[in-house]
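Every read-out reported here was derived from the displayed coordinates using simple, explicitly stated rules and does not represent laboratory data. Small disclaimer: the values here were computed from a predicted structure and weren't measured. Note: ideal-geometry Cβ built from the backbone for every residue, glycine included; neighbour counts use all protein chains shown.
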């Protein structure tokens, strides 16, 4: 059986993994969802200086504080950035890293690099106008849907996502990843691709080509960008298969 540490994407907390956690535990695994600084129940711990390094420290601290071993670290969406940083620091504690509809970051990258300059500028203006000047509210669904598939999110699930979302500390989008180091050579590398990301991989986008080659193992999940809400049991099935 496997110890999963589940790290949510932007605007989300441990709560978003609830159904997947239940399904993994029913399969006999240890499933530990976590919330990063400045989000959900940890919203009051964030501040203008909360950045990518903060979230890397959150993940490494969670694993070390709980004395976890043979960990399978799961990164959804934005969490790819801090998980990449943490994976290079966890040493022998890390057994496997799973990127869920996301991919590892290279040294020197930040989240804003993944979007067109005009979109990044729009986010900066949005944060500046938000009142406190350091948090990014979750955009409306019609905006989210322009860059991330909403497949599988009916009105009820959208309501759950909207109700649980908290503004993202914007420093986590602007701070660049320092040299994260490499996970150990024996660390298993897994990719779970949902609709849009699967399309990019199948199209042979050059910067993602390495994900279709060993040592990466790829699993496809036919749903949108938030599978822990749209297909939680199916996601648990794939995670279970990936560690079997």
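Using alpha-carbon pairs under 8 Å, 6+ residues apart, how would you state the relative contact order of the chain in percent?
Computed over the chain, the figure is 25 percent.
In what order do 216, 17, 134, 11 fall by count of nearby beta-carbon atoms within 10 Å, going from fewest to most?
216, 134, 11, 17
Binning at 5 angstrom from zero up to the longest distance, how are the C-alpha pair distances of region 122-174 distributed in percent?
Here the calculated profile for region 122-174 is 4, 18, 25, 23, 17, 11, 3.
Using helices alone, what [θ] at 222 nm do you get for the chain, with -39,500 (n - 2.57) per DSSP H run of 4 or more residues, divided over all residues and rounded to the nearest 500?
-10000 deg cm²/dmol
Can you tell me how region 134-244 classifies by the Cα gyration tensor, rounded, prolate or oblate, using a/c under 1.5 as the rounded cut? Please list the in-between numbers first.
Details: a/c = 1.75, a/b = 1.27, b/c = 1.38.
Because a/c hits 1.5 or more and a/b fails to exceed b/c, region 134-244 counts as oblate.
So how much slack lies between residue 182 and residue 19, counting 0.36 nm per residue of separation and subtracting their Cα-Cα distance, in nm? If you can, show how the numbers build up before the last one.
On the way: separation 163, 0.36 × 163 = 58.68 nm, distance 3.16 nm.
My answer for the length gained is 55.5 nm.
With both partners inside region 3-243, how many of the DSSP beta bridges are antiparallel, as a percent to the nearest 5?
In region 3-243, approximately 5 percent of DSSP beta bridges are antiparallel ones.
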